[in-house]
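Trainee: One structure, pasted below without further comment.
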Amino acid sequence: MKLLMVLMLAALPLHCYAGSGCPLVEEVISKAIDSEVSKTEYKEFLQEFIDNDATANAIDELKQCFLSQSDETLDNVGMLMQAIYDSRFCDNF
């Protein structure tokens, strides 16, 4: 049990220094806030996660929300996400 705890504590800083820890989440967010990505392209990117019409409609609405924003707002969202990724929760360990 102690060995497991040591291994987990050793791996935790590596996880935190890897952005969000999930490249897929980062890419989903990046494509959501990218005004160059259309709703169709976004939905195609997420196709493997769409199993019904309600999910497809929710993805369309989410992307439309971002498409309706100004470039300044989209830049601010990007900076917010980067600040979240860069926050070093693990620095306390």
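Trainee: For a test of the definition: using alpha carbon positions, the gyration tensor, and the 1.5 limit on a/c, classify segment 28-93 as rounded, prolate or oblate.
Mentor: Oblate.
Trainee: Which ³J(HN,Hα) values in Hz, rounded to whole numbers, follow from the phi angles of segment 30-36 under the Karplus curve 6.51 cos²θ - 1.76 cosθ + 1.60, where θ = phi - 60° and Gly and Pro get x?
Mentor: For segment 30-36, the Karplus-derived couplings read 4, 5, 5, 8, 8, 5, 7 Hz, x marking Gly and Pro.
Trainee: Once the other residues with Cβ under 14 Å from the Cβ of VAL77 are scored (Lys, Arg +1; Asp, Glu -1), what is the net sum?
Mentor: Around VAL77, the charge tally is -3.
Trainee: With a 1.4 Å probe and all protein chains left in place, how much of the accessible area of segment 27-93 comes from carbon and sulfur atoms, in whole percent?
Mentor: 51
The values are calculated or read from the model by the stated rules, or taken from the named source; none is laboratory data. No experiment lies behind these values; they were computed from the predicted model shown. A quick note on method: Cβ atoms are made from the backbone with ideal geometry, for glycine too, and the neighbour counts reach across all protein chains shown. All accessible areas refer to the heavy atoms of the entire protein, side chains included, with ligands and DNA or RNA removed. Shrake-Rupley method; radii C 1.70, N 1.55, O 1.52, S 1.80 Å.
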